[in-house]
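Notes follow the structure.
The values are calculated or read from the model by the stated rules, or taken from the named source; none is laboratory data. Keep in mind that this is a model prediction, so the values were computed, not measured. Cβ coordinates were reconstructed from backbone atoms using ideal geometry, including for glycine residues, and neighbour counts include every protein chain displayed.
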Amino acid sequence: MAKFFGNLNLVLLVGLIAAVAVIARFTGATGEDAKSIADDVLRWLHLFFGVLWIGLLYYLNFVQVPTMPAIPAEQKGAITGHIAPKVLFYFRYAALFTVLTGLAIAFHAGYAVDALTFALPGQVTLIGIGMWLAMVMAFNVWFIIWPNQKKILGLVEASAEAKAAAGPRALYASRTNVLLSLPMLYCMVSANLG
């Protein structure tokens, strides 16, 4: 048992097999055709990547960042050298795949253009707002937070002044994402476009 649960890759593989089995068995809830199966798989992937992304966003903002000042200087290297780079890897790619799977769902279902342009009132506009919020958040992850975190963590060369300036930029973009995540999550779960 310890060997199984000690191996994250094995746990994920078994979880994936279990998810595929459930999807294969219960896809009839949305239809039996190939389009319905694809919709179910895309929604499941979107939810998985979204939970990973927002979970890490909240971990960083609610746990890691507020705790860093209390960590003794000689122990900070464990966070900045090992934990933070791994967290930021999963954080970036979860953001990317959340947006890509969300767009794939919208295009596959045929409402992407209407949602992104707010062409139809109601649920399509609600999901469009959520899509735009998520895209702004993903932009912040890839083009503000990550470039600044690379300086902070010493993954790229940066002067002491550049590192000092990078901290507030990364923090403001990250806190902006926390702020935007709240209405984005409402849009995501409430639009319910079948």
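Every residue, every condition in (1) over 14 Å from Gly102 (Cβ atoms); (2) surrounded by 18 or more Cβ atoms within 10 Å (Cβ to Cβ), yes or no:
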residue: Pro121; (1), (2): yes, no
residue: Gly128; (1), (2): no, yes
residue: Met131; (1), (2): no, yes
residue: Ala138; (1), (2): no, yes
residue: Trp146; (1), (2): yes, yes
residue: Lys151; (1), (2): yes, yes
residue: Ser159; (1), (2): yes, no
residue: Leu171; (1), (2): yes, no
residue: Leu185; (1), (2): no, no
Sole exception among (1) part of a helix (DSSP H, G or I); (2) farther than 21 Å from Val63 by Cα; (3) not acidic (Asp, Glu) for Ala158, by number: (1)
Could we say that Ala164 is surrounded by fewer than 20 Cβ atoms within 10 Å (Cβ to Cβ) and either free of Cβ contacts under 8 Å to residues at least 24 places away in the same chain or assigned to a helix (DSSP H, G or I) (or both) here? yes
Would a scan of the stretch 174-193 turn up a residue that is of a type in the set (Lys, Arg), in a helix (DSSP H, G or I) and either outside the structural domain of Ala84 (by TED's automatic domain parsing) or in contact (Cβ under 8 Å) with a residue 40 or more places away in the chain (or both)? yes
Out of Arg92, Arg175, sole residue that is under 22 Å from His46 (Cβ atoms) and within 19 Å of the chain's Cα centre (by Cα): Arg92
Based on what the data block shows, is Ile144 farther than 20 Å from Tyr59 by Cα, in the same structural domain as Thr80 (by TED's automatic domain parsing) and either assigned to a helix (DSSP H, G or I) or in contact (Cβ under 8 Å) with a residue 24 or more places away in the chain (or both)? no
Helices (runs of 4 or more DSSP H) wholly in the stretch 1-61 with at least 1 residues that are of a type in the set (Asp, Glu) and at pLDDT 90 or above - which ones? none
Residue that is farthest from Ala106 (Cα to Cα), among those in the stretch 54-85 that are without any contact (Cβ under 8 Å) to a residue 60 or more places away in the chain and crowded, with 16+ Cβ neighbours inside 10 Å: Ile79
